[in-house]
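**Q** If you scroll down you'll find the structure; I have some questions about it.
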Amino acid sequence: MSSKIGLNLFKYYSINFDLAKRSKKEIKFIIIHYTGMKKESSAIKRLCDPKAKVSSHYFIRNNGKILNLVPDLYKAWHAGISYWKNYRLLNQHSIGIEINNPGHDNTYKKFSLKQINSLIKLLKYLIKKYKINKNNVLGHSDISPDRKKDPGEKFPWKKLANHNLCKWHKLSEKKIMKCRNLKVNKSEKKLFFNNLRIIGYLKLSKKNEKSLINAFQRRFRQDLINGKIDKECLLISKNLLKS
């Protein structure tokens, strides 16, 4: 069926959601995921399987078609244990969008142009309808850095930012590349983690620090994911606080 937003929305319901309705004002975030499964049909089946106890509000197929699995005003089960700024367990305050992609464990690949074009239309609609701050359009790895990698480093965050749909830095590639692999001292390392905390990331234990750095890099330094803080990462984190 066609919607008022110029998208082909297909109803394909999942029963994996809380029965209690929420208000429009409670919706503050949009969380983007990949399915992480080899077959698209298997991913849809799992999101609709009551035994799996997972779901999302929307599912974007390889061909760009969008399935509406759970109505917006019901809490879908997509975020799990999650944190962003002062929010905990983001299911209550978010809309989840699953994009079909095999993920890191199954030959991770680029998202199709049709998928991203459909996502852009959907984000524009949701952001306007629920008055969502573009800084609250996040990836699953942002809110669960110690557990998740999706949507991953092949997801085109910069393209979304060019449409004013998410947060991105305003630095030139030439400028930041000069700082790549340059070591940081202890005070700079501390500043980096403090910047991440202000941006919204949860501070993790020393044991899980690398997961946090990787999550930041998958989002904002996508061509080098090494879990190491350098001056490029620090510069990006500083710039993000200005934007």
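**Q** For segment 212-226, what does the Karplus curve 6.51 cos²θ - 1.76 cosθ + 1.60, with θ = phi - 60°, yield as ³J(HN,Hα) per residue in whole Hz, taken in order and with x for Gly and Pro?
**A** Along segment 212-226, the couplings run 5, 4, 4, 4, 4, 5, 4, 8, 10, 9, 6, 8, 8, 10, 10 Hz.
**Q** Can you classify segment 130-174 as rounded, prolate or oblate using the Cα gyration tensor, where a ≥ b ≥ c are the square roots of its eigenvalues, rounded means a/c under 1.5, and otherwise it's prolate if a/b beats b/c and oblate if not? Write out the running numbers ahead of the final one.
**A** Numbers: a/c = 2.12, a/b = 1.18, b/c = 1.79.
Oblate, since a/c reaches 1.5 and b/c is not below a/b.
**Q** Near Ile32, within a Cβ-to-Cβ distance under 10 Å, what is the net charge of the other residues, with Lys and Arg +1 and Asp and Glu -1?
**A** -3
**Q** Please work out whether segment 91-161 counts as rounded, prolate or oblate from its C-alpha gyration tensor, where a ≥ b ≥ c are the square roots of the eigenvalues and a/c under 1.5 means rounded, while otherwise a/b larger than b/c means prolate and anything else oblate?
**A** On the way: a/c = 2.06, a/b = 1.29, b/c = 1.60.
Since a/c reaches 1.5 but b/c is at least a/b, the shape of segment 91-161 is classed as oblate.
**Q** Compute the helix-to-body angle for 186-199: its Cα long axis versus the longest principal axis of the chain, expressed 0 to 90° and rounded to tens.
**A** Once rounded, one gets 20 degrees.
**Q** Same structure again: Given a Förster distance of 22 Å, report the FRET efficiency between Lys186 and Leu224 from their Cβ-Cβ distance, rounded to the nearest 0.05.
**A** The computed FRET efficiency comes out at 0.50.
**Q** Moving on. Modelled label-to-label distance, Ser172 and Ile15, 7 Å Cα→beta-carbon offset: nm?
**A** 5.9
**Q** Only four residue types carry charge here, +1 at the Cβ of Lys and Arg and -1 at the Cβ of Asp and Glu. Report the dipole size of segment 43-165 about the Cα centre in Debye, rounded to the nearest 20.
**A** For this selection, approximately 320 debye.
**Q** Please list, in order, the residues from segment 66-93 whose amide nitrogen is less than 16 Å from a point placed 7 Å along the Cα→Cβ vector of Tyr125.
**A** It comes to 66-74, nothing else.
**Q** Here is a follow-up. What is the gain in length, in nm to one decimal, between Leu73 and Lys207 on full extension, counting 0.36 nm per residue of separation less the C-alpha to C-alpha distance? Could the numbers behind the result be given before it?
**A** Details: separation 134, 0.36 × 134 = 48.24 nm, distance 3.74 nm.
Result for the pair: 44.5 nm of gain on full extension.
**Q** Once both axes come from the Cα atoms, what is the angle between helix 231-242 and the longest principal axis of the chain, in degrees from 0 to 90, rounded to 10?
**A** 60
**Q** Please report, in Å, the Rg and the Dmax of the chain, where both are computed over Cα atoms only.
**A** When restricted to the Cα atoms of the chain, Rg and Dmax are 17.8, 56 Å.
**Q** Now for a different question. Past 30 Å, Cα to Cα, is the threshold; run Lys38/Lys121; Lys45/Lys148; Lys28/Lys51; Lys21/Lys53; Lys149/Lys175; Lys129/Lys228 against it and keep the listed order.
**A** Values: Lys38/Lys121 26 Å; Lys45/Lys148 21 Å; Lys28/Lys51 28 Å; Lys21/Lys53 18 Å; Lys149/Lys175 27 Å; Lys129/Lys228 39 Å.
Cα-Cα > 30 Å for Lys129/Lys228; rest within.
**Q** Helix-only estimate, please: 222 nm mean residue ellipticity of the chain, summing -39500 (n - 2.57) across DSSP H runs of length 4 or more and dividing by its residues, to the nearest 500. It would help to have the intermediate numbers written out before the result.
**A** On the way: 8 runs with 79 residues, N = 243.
Taking each H run of at least 4 residues, the total per residue is -9500 deg cm²/dmol.
**Q** Find the relative contact order for segment 42-187 and round it to a whole percent, using C-alpha pairs within less than 8 Å whose residues are 6+ positions apart. Don't skip to the end; give the middle numbers.
**A** Values: 175 pairs, mean separation 26.1, N = 146.
Taking the mean separation of contacting Cα pairs over the length of segment 42-187, I get 18 percent.
**Q** Place the peptides 158-165, 93-100 in order of packing, highest mean first, counting for every residue the other Cβ atoms within 10 Å and averaging per peptide. Walk me through the numbers before you get to the answer.
**A** Numbers: 158-165: 15.1, 93-100: 25.0.
The peptides rank, most packed first, as 93-100, 158-165.
**Q** With axes computed from alpha carbons, what is the tilt in degrees of helix 113-130 against the longest principal axis of the chain, rounded to the nearest 10 within 0 to 90?
**A** Helix 113-130 sits roughly 80 degrees off the main axis of the chain.
Bear in mind that the values in this text are calculations on the coordinates, not laboratory data. Note that the coordinates shown come from a computational prediction; the quantities given were computed from them, not determined experimentally. Backbone-built Cβ (ideal geometry, glycine too); neighbour counts: all protein chains shown.
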